[in-house]
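The values are calculated or read from the model by the stated rules, or taken from the named source; none is laboratory data. What you see is a predicted model; the values in this text were computed from it and never measured. With ideal geometry, Cβ positions are generated from the backbone for all residues, glycine too; neighbour counts draw on all protein chains shown. Calculation scope for accessible area: heavy atoms of the full protein, side chains included, ligands and nucleic acids excluded. Shrake-Rupley method; radii C 1.70, N 1.55, O 1.52, S 1.80 Å.
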Amino acid sequence: MIEFCGVSKTYAGTHTPAVEEFSYTVEEGSTTVFVGPSGCGKTTLLRMVNRMVTPTSGQVRVRGNDVADEDPVELRRSIGYVMQHSGLMPHRTAVDNVADIARLAGAGKRQARQRAMEMLELVNLDPALAGRYPGELSGGQAQRVGVARGLVNRPDIIMMDEPFAAVDPVVRRKLQNEILAIRDRLSTTVLMVTHDIDEAFKMGDQVLVLGEHAAIEQAGSPEDIMAHPANARVRDFVGLDGRTLTVVDRDGSRVLVDASGTVKGMLS
Ligand code: ADP
Ligand code: MG
């Protein structure tokens, strides 16, 4: 569905590559999470998919086509993109921020507004807030509008760049659960990046742990990575530091237990 084929990116005026020889295939229908420290190249990888960044070398293929051959505007319309900082237009109301994206895809004015209101409902934004400007919304509310923008054209692919970074832990958990529920309802392929390993394990059915220049330290299911971290850096990043944790099923939830059987965390 999304194939990264040996892509590298060195930004003009810099000497070290942001991304070096990255290859990976995001499977259709999966929720794939790239996780790694700040500056490791996560945003650069996402932006190479919708041509906001042009690779220095290598190729990205979406739905079987090299994105370099696609019209950038069409391509961006076909992929939902929730930006790292909500990316809302400050002088447009919440509903207009969403409706504008529908308009770009060809919807008429009334239809765009109606779809925007439906999307705001889908992400559980109080309809009373639809007329507010982004500056009058909390971080969590603005992020809901950002997600509604990403979904309004019902793309088969949605990319999310640290979508919950600016919200408090309680709201974050709620938004995470809502995204998972929406994903299940719309059967969308989700590619998400985060620096938060717990978020990666909760959201992803496939997780890539990235190191410097987006080097893949390990790729696999959360269970695989926790049970068999590939190296000391992954072990350190995952926070296992020598402890042996295993994943077990408890009452339909996947939980992590330590050697003594004590529950250490929950996966979903
Ligand atoms: P992440 O999203 O993982 O924090 P980024 O992809 O934003 O990482 O950045 C990767 C590296 O590329 C960083 O060293 C960053 O400083 C650099 N970088 C990102 N965007 C630009 C740019 N427009 N110009 C120059 N360097 C950039
Ligand atoms: Mg980033």
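Values as computed for the structure displayed
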{"item": "Per residue solvent-accessible surface (Å²) - the chain, probe of 1.4 Å", "result": "48"}
{"item": "Coil-residue chymotrypsin sites (Phe, Trp or Tyr not before Pro) of region 1-88, DSSP, other Cβ within 10 Å capped at 16", "result": "TYR11"}
{"item": "Amide H contacts under 5 Å for ARG132, placed H, 5+ residues apart", "result": "ALA94, VAL95"}
{"item": "Extension gain from ARG233 to SER187, taking 0.36 nm per residue of separation minus the Cα-Cα distance", "result": "13.2 nm"}
{"item": "Protein accessible area in the chain, 1.4 Å probe - carbon and sulfur %", "result": "49"}
{"item": "Note, ³J(HN,Hα) from phi for region 135-142, Karplus 6.51, -1.76, 1.60, rounded to Hz, x at Gly and Pro", "result": "x, 9, 10, 6, x, x, 5, 4"}
{"item": "Neighbour cut-off at most 13 other Cβ (10 Å), DSSP loop, trypsin sites (Lys or Arg not before Pro), region 179-255", "result": "ARG243"}
{"item": "Distant-in-sequence amide H partners of MET160 (H built 1.01 Å from N, under 5 Å)", "result": "VAL82, LEU191, MET192, VAL193"}
{"item": "Note, ³J(HN,Hα) from phi for region 97-106, Karplus 6.51, -1.76, 1.60, rounded to Hz, x at Gly and Pro", "result": "4, 7, 4, 4, 5, 5, 4, 4, 8, x"}
{"item": "Residue range of the chain that is longest and free of GluC sites (Glu not before Pro) which are both DSSP loop and sparsely packed (at most 13 other C-beta within 10 Å)", "result": "29-268"}
{"item": "VAL170/THR54 FRET efficiency (R0 51 Å; Cβ-Cβ; nearest 0.05)", "result": "0.80"}
